[in-house]
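Only one structure is covered here, and it is reproduced in the block below.
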Amino acid sequence: MSAISTTRSAPFLTIYAATVFAFIYLPIIVLVAYSFNRDGVGGFPPRHFTLHWYQQLFGDGAIWDAVLNSLIVAAASVALALTLGLLAALALDRASFPGKALFRRLVLLPLILPGIITGLSLLMFVVFVGAPLSLLTVFFGHGTALISVATTELFAGLQKLDRKQEEASLDLGATPWQTFWRVTFPTLKLSLIAAGLLIFTLSMDEIAVTFFLIGRDNTLPMEIWGRLRQGMTPEINAISTLIFAVSVALISIWYRLRARTLRDT
C-alpha cells in the first residue's frame, strides 16, 4: 500500500524513469528496426521490412574474419584473466603479506582507469619491449585489463565459501593441492563461469584498448568502426543487432548464474 501511494504521490519519478529508459534503449530499438528496413538507413519510420541485409552480411568475408579474430582474442583473454584472477583472489582471501591492502587496490585499478589510459599504457609497454602489434598484443591487452573483473568475481565467491569443507578434506588426509581441486575449485564453478561470460562479453566489445594494440588484423569492433568512417550502412545495423543479441544472452546467463550463487549461499 505504501509503495502504491508513493508512486501516485510522485508521478514525476515515474515519468523521469520512463524518460531515462527511453533515452537508453530507444536508439537500440531504432537500430534493430533499421536492420530489417529495405530502404536502408533513410526514411522514418522504417517500412518494407526485409532480411536482405542479413543475407548480405552472411556473405561478407571481411566481417566474419573479424568475428573469428574477436572470438579467438576473447576466448584466450578469458583463459588468461581467469587464471591470473583466481591466483590474485586466492592471495587476497587466503594469504597475509605486507602491502596486501595496496595490492588489492592495484588489482582493481583497471576497473577505474579509462580504457584510453589503459590502452596507451599497454602500447608504450609493447613499444618498449619491441614486440610487433598483432592479435597477440590485443590478447595480452584484453587479458591484462580484465584481470580485475575476474579477481572481483572470484574473490566474492571465495568470501562466501564454507571453509569447513576444506578443513574436513584436510583432516581426512587430503593434501592442500587435492583439497583445492576436489573441494575449492568445484565450489567456485559458478563464479568461474559467471566471470568468464562477463569477461568474454567485455572483450568482444572492447575498442579502446584494441585501438592502440591492433596490427593488420581487425577485431569486429574495429572493423565496424572502420566502416562507419565511410557512412552508416544497413549491414552495420545487422551485425550490430546480432552483437546486441549475443551480448544480452551472455549477460543474462551471467546474471542468472550470479543470482543462483547468491541464493545458494
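When Phe139, Phe103, Phe97 are checked against the criterion of being touching a helix residue (DSSP H, G or I) at 6+ places or on another chain (Cβ under 9 Å), closer than 24 Å to Ser191 by Cβ, of a type in the set (Phe, Trp, Tyr) and outside any helix (DSSP H, G or I), a single residue qualifies: Phe97. Determine, yes or no, whether Ile147 is under 27 Å from Asn218 (Cβ atoms), touching a Leu at 6+ places or on another chain (Cβ under 6 Å) and either surrounded by 14 or more Cβ atoms within 10 Å (Cβ to Cβ) or not small (Gly, Ala, Ser) (or both). Yes, satisfied.
Residue count for the stretch 102-114 under the criterion of being free of Cβ contacts under 8 Å to residues at least 40 places away in the same chain, of a type outside the set (Lys, Arg) and open to solvent by 50 Å² or more (accessible area, probe 1.4 Å): the result is 6. Applying the criterion of at least 1 residues that are among the hydrophobic types (A, V, I, L, M, F, W, C) and surrounded by 20 or more Cβ atoms within 10 Å (Cβ to Cβ) to the helices (runs of 4 or more DSSP H) found wholly in the stretch 174-239 leaves 189-205, 208-213, 220-228. Of all the residues in the stretch 50-101, those that are open to solvent by 30 Å² or more (accessible area, probe 1.4 Å), closer than 26 Å to Ile214 by Cα and small (Gly, Ala, Ser) number 6.
Of the residues making up the stretch 115-136, those that are aliphatic (A, V, I, L, M), free of Cβ contacts under 8 Å to residues at least 40 places away in the same chain and in a helix (DSSP H, G or I) are Ile117, Met124, Val127, Val129, Leu136.
The values are calculated or read from the model by the stated rules, or taken from the named source; none is laboratory data. Remember, it's a predicted structure, so these values are computed and weren't measured experimentally. Cβ: placed from backbone, ideal geometry, glycine included. Neighbour counts: every protein chain shown. SASA here: full protein model, heavy atoms, side chains in, ligands and nucleic acids out. Shrake-Rupley method; radii C 1.70, N 1.55, O 1.52, S 1.80 Å.
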